[in-house]
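The values are calculated or read from the model by the stated rules, or taken from the named source; none is laboratory data. All values derive from a computational prediction rather than experimental measurement. Quick reminder, even Gly has a Cβ in these numbers, built from the backbone with ideal geometry, and neighbours come from all protein chains shown.
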Amino acid sequence: MPSPLEIAVNFLKDFGFFDILLPFLLVFTIVFAILEKTMILGQENNKPKKNINAMVAFSIALFVVAASNIVAVLQQSLPMVTLVLIVIVSFMLLMGSFMGTGEFSFKDYKYTKYFLVFFLIVGISLIFLGAIESENGDSWLRVIWDYVQENWFTGPAFSGIIFLIIIVLVIIYVLDAFPGAENH
């Protein structure tokens, strides 16, 4: 016998709460917050134009909900992104247990911060690439992985990876050589 909470969740699924309402609210909130912060659409009395920002965010959120393939990618990706966030918070908890008392900061742990940012960028990119499907039903991640496996030691894939590694190393060197560069 299903529990009342399970019945409620199934009712919300049947109602379209997870397919329409939640993705709409998520996209609306994120777009509205970005528009409010950046004031791209103008300002009045040094405040963002809330009505215009709300209408643009509303329209974008409706377009996203209308595109069922985007909603499917969000539904598949966001739980995994949340898992990555939990891993990062757990890592920070472990780091905090080795630190003294006081507010947690990456100021003294610059390379740890770079590692976490790199991990986040790679992890979230892989999550979304794994959720987006190509025409034949394979994920983009599978297509890229198959291409890299077939062409690993041939021109484009191998040289692209080497080039990416060189760029990352140059960025790290520049940030170390010019300590104030990351603040600008």
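A few comments on the model shown:
Rundown of residues vs (1) surrounded by 11 or more Cβ atoms within 10 Å (Cβ to Cβ); (2) part of a helix (DSSP H, G or I), yes/no style:
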{"position": "L120", "(1), (2)": "yes, yes"}
{"position": "L126", "(1), (2)": "yes, yes"}
{"position": "Q149", "(1), (2)": "no, yes"}
{"position": "W152", "(1), (2)": "no, no"}
{"position": "I161", "(1), (2)": "yes, yes"}
{"position": "V168", "(1), (2)": "yes, yes"}
{"position": "I171", "(1), (2)": "yes, yes"}
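- Among the candidates V81, V73, V143, V65, residue that is over 17 Å from the mean Cα position of the chain (by Cα), among the hydrophobic types (A, V, I, L, M, F, W, C), within 30 Å of T38 (Cα to Cα) and surrounded by 14 or more Cβ atoms within 10 Å (Cβ to Cβ): V65
- Of the residues making up region 128-147, those that are free of Cβ contacts under 8 Å to residues at least 24 places away in the same chain and assigned to a loop (DSSP other than H, G, I, E, B) number 5.
- Scanning region 96-111 for residues that are surrounded by 10 or more Cβ atoms within 10 Å (Cβ to Cβ) and either part of a loop (DSSP other than H, G, I, E, B) or in contact with a Ser or Thr (Cβ under 6 Å, 6 or more places away or on another chain) (or both) returns M99, F104, F106, Y109.
- Residue satisfying all of: in region 80-123; more than 30 Å from I161 (Cβ to Cβ) and among the polar types (S, T, N, Q); modelled with the highest pLDDT among these: S97
- Which numbered condition L93 fails, given (1) part of a helix (DSSP H, G or I); (2) surrounded by fewer than 10 Cβ atoms within 10 Å (Cβ to Cβ): (2)
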